[in-house]
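First up is the structure itself, then whatever we jot down about it.
What follows draws every value from the coordinates through simple rules; no lab data is involved. Just so we're clear, the structure is a prediction, and the values are computed from it rather than from any experiment. Glycine also receives a Cβ, built like all others from the backbone with ideal geometry; neighbour counts cover every protein chain displayed.
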Amino acid sequence: MKKILKKNKGFTLIELIIVVAIIALLAGATFVAINPARRIGEANNAQRWADVTSIASAWALYVADEGGTAPAVANPGTTYQITSGGSGSTHCAVATPHATTTDAYLDLSTLVSEGYLGAIPSDPLGGFTADSTGYYLYADANGVIKVGACVSYENVVIQVTR
């Protein structure tokens, strides 16, 4: 006599659980790898780094070309919010070693008119007034300057010293 084997059609519960777990792991890994908010935040920080570096370099080149004369009147020991031609109304709340807010404004339009900068950069997210850029400048008595961003993604300190 021949035995007839009964064939089961479908999947067992264990097979289904394993497949669902693998799909969940792949979906989670994909979301982490393609987190768009993080990528946008990092791109904005990269733009802030480029902006503060260009401002600091333009300042240093101007001072070198002008025999030590700064492009704007800056009192040593004061943290200024950089403006593009006026006094901004949005304060730059930044935790620097020198100040917690910038109450003074510094117009760096001379760097544009003299060809050291194409334009005074502004923070990529905006949020500041037309004249306020979202960047600050600190000058010490020895002529060393620190240019930084008022805000950043994940509170990364974005500051360049020249």
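Worth a mention:
- Point-to-point label distance, I18-V144, nm (Cα→Cβ direction, 7 Å offset): 6.3
- Taking label positions 7 Å along the Cα-Cβ direction at both T53 and L125, the computed distance is 2.2 nm, reported to one decimal.
- Rounded to the nearest Hz, the phi-derived 3J(HN,Hα) couplings of segment 35-47 under the Karplus curve 6.51 cos²θ - 1.76 cosθ + 1.60 (θ = phi - 60°) are 5, x, 5, 5, 5, 5, x, 5, 5, 5, 5, 4, 5, where x marks glycine and proline.
- Annotation for segment 120-162 versus segment 1-66: alpha-carbon center distance of 30 Å.
- Between amide H atoms placed 1.01 Å from N, distances below 5 Å from L108 occur with T83, G85, all of them 5 or more places distant or on a separate chain.
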